[in-house]
1. Among residues belonging to segment 254-287 that are assigned to a helix (DSSP H, G or I) and within 16 Å of the ligand (Cβ to nearest atom), point out the one that is nearest to Gln230 (Cα to Cα).
2. Just to check your reading of the model, which residue among Gly71, Gly50, Gly79 is of a type in the set (Gly, Ala, Ser), surrounded by fewer than 21 Cβ atoms within 10 Å (Cβ to Cβ) and modelled with pLDDT of 95 or more?
3. When you scan segment 239-252, do you find a residue that is among the polar types (S, T, N, Q) and out of contact with any Gly (no Cβ under 7 Å at 6 or more places or on another chain), even just one?
4. For the condition away from the ligand (no atom under 16 Å from the Cβ), of a type in the set (Gly, Ala, Ser) and not in a strand (DSSP E or B), what is the one hit in Gly71, Gly35?
5. Any residue at all in segment 181-189 that's surrounded by fewer than 24 Cβ atoms within 10 Å (Cβ to Cβ), in a helix (DSSP H, G or I) and within 16 Å of the ligand (Cβ to nearest atom)?
6. Examine segment 399-409 for a residue that is modelled with pLDDT under 95, polar (S, T, N, Q) and closer than 19 Å to Asn45 by Cβ, and state whether such a residue exists.
7. Just to be sure before I move on: is Thr375 in contact (Cβ under 8 Å) with a residue 60 or more places away in the chain, under 17 Å from Val121 (Cβ atoms), of a type in the set (Ser, Thr, Tyr) and part of a loop (DSSP other than H, G, I, E, B) in the structure I sent?
Amino acid sequence: MKFLWTTAFCLIGSAAAAQNDTQAILITNIHLFDGVSAARLENANVLIDGHIISRVSTDEIQADGATVIDGQGGTLMPGLVDNHVHLSMVTVSIPDLLFGEPTYPLVRAVRDAEEMLMRGVTTGRDMGGNIFGLKKAIDEDIVPGPRIYPSGRFLSQTSGHFDFRTKAETHRAFSNIEPTPDRLGWVYTVDGVPQVLAAARENLRLGASQIKIAAGGGYASPTDPLLSTQFTFEEMKAAADAATDFGTYVTMHAYTPTAINRAIDAGIKDVGHGQLLDRETLERMAAEGVHLSTQPFTVCNEPQLDAFSNAKLNVVCQGTANMYKMVSEMPDLNVTWGTDLFNVPDASDQVEQLERLLEWFEPVEILKQATGNATSLLAMSGDKNPYPEGPIGRIVEGAYADLLIVEGNPLADLSAVTDASNIMLIMKNGVVYKDVLN
Ligand SMILES: [Zn+2]
């Protein structure tokens, strides 16, 4: 069954791809959630020219020769943006990633990217990994998957959050042995300003749309205390300077106020977790336009992690509710949704995770975190934006034609989106990848 299904949708994708940029598509009979407005625009029509949305109107749109799709009264909304993915390692175990057959993770990544797109996620901001090849193949329509905003390799200090060497692997400075995570293309393990500059600039050379550093401890990593601060101010500033000079920004892995305040002082513009943040720092972020791209970490124990890591996860997990409660009272803070799925046996709950946010937010706020709030975050990639032609995460004239048509009203009932069987149409870049309307 899986094979037939995959073949069927690939045919849709490639057939539409052949028409891309030549054939207009007119979608009628829908209600529109544009990614930012609190209410739907009722009884609307949307015209797509090639890969761009060219017209949105409640009046009838004349489009001679266009292919017409009857939306059957469903809700048309932006494709979802997962602002924290690691597409090269979603379902890859850490042993397979670091000690296994080197080509195996990429094969899984191809499968994981396809499944992500078919859940309605049309863009993923990749927050670290060996990703440039997969991104290129997706952009060339070789394999189906979401748009990718790549960070390239993680930047980690020695003994930092991405230092996954075994203890038998002596540091490069004392052995001339390149660390395995570096050799396989996952990480730049760097210390000192010159090495940080070189790593950031190398990522930028290869096509990174933003730079990702670990500014503090993490739970999956084997040797760093959770509450540690990582990279000195000068090292953080070096990364920020390299990114800013190329017209983009740095995002970070960090949970604590100490790490996050140091990073903001150094010019870093996005917090990639923040579950242990305090109100003062959140207010500073809102005042200074620093984004919060965070995740509902509400599962406090993961069987694939050891006791050391699960103890750290528990602290992060306890912080999640506290953070979201404060965030829900700060309308000026730009908050985006992400999942940070990596090293998991099964990623099928990716979009269902939106429902965890119902404890703190109305559906419209949750949907904005997964669509319209991402627009300004992704646009911060500036000169390094791989998709600069129009906004992503919005349904407006001039935006990329990345959209879903779902059965029901997700502003009233999130399951219209989170239950994939309610997604009737998936379009990315004007290409239809799923269509059960006709
Ligand atoms: Zn991550």
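The values are calculated or read from the model by the stated rules, or taken from the named source; none is laboratory data. For clarity, every value in this text was computed on a predicted model and none was experimentally measured. Positions of Cβ are generated from backbone atoms using ideal geometry, with glycine treated the same way; all protein chains shown enter the neighbour counts.
1. My answer is Ala259.
2. That would be Gly50, the only listed residue that is of a type in the set (Gly, Ala, Ser), surrounded by fewer than 21 Cβ atoms within 10 Å (Cβ to Cβ) and modelled with pLDDT of 95 or more.
3. No - not one qualifying residue is present in segment 239-252.
4. One residue alone meets the criteria, Gly35.
5. For segment 181-189, residues surrounded by fewer than 24 Cβ atoms within 10 Å (Cβ to Cβ), in a helix (DSSP H, G or I) and within 16 Å of the ligand (Cβ to nearest atom): present.
6. Within segment 399-409, none of the residues are modelled with pLDDT under 95, polar (S, T, N, Q) and closer than 19 Å to Asn45 by Cβ.
7. Considered against the rule, which asks whether it is in contact (Cβ under 8 Å) with a residue 60 or more places away in the chain, under 17 Å from Val121 (Cβ atoms), of a type in the set (Ser, Thr, Tyr) and part of a loop (DSSP other than H, G, I, E, B), Thr375 comes out as no.
Okay, residues lined up against (1) surrounded by 15 or more Cβ atoms within 10 Å (Cβ to Cβ); (2) at pLDDT 95 or above; (3) on the phi > 0 side of the Ramachandran plot; (4) in the same structural domain as Ala370 (by TED's automatic domain parsing):
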position	(1), (2), (3), (4)
Met252	yes, yes, no, yes
Ala287	no, yes, no, yes
Cys300	no, no, no, yes
Gln304	no, no, no, yes
Val327	yes, yes, no, yes
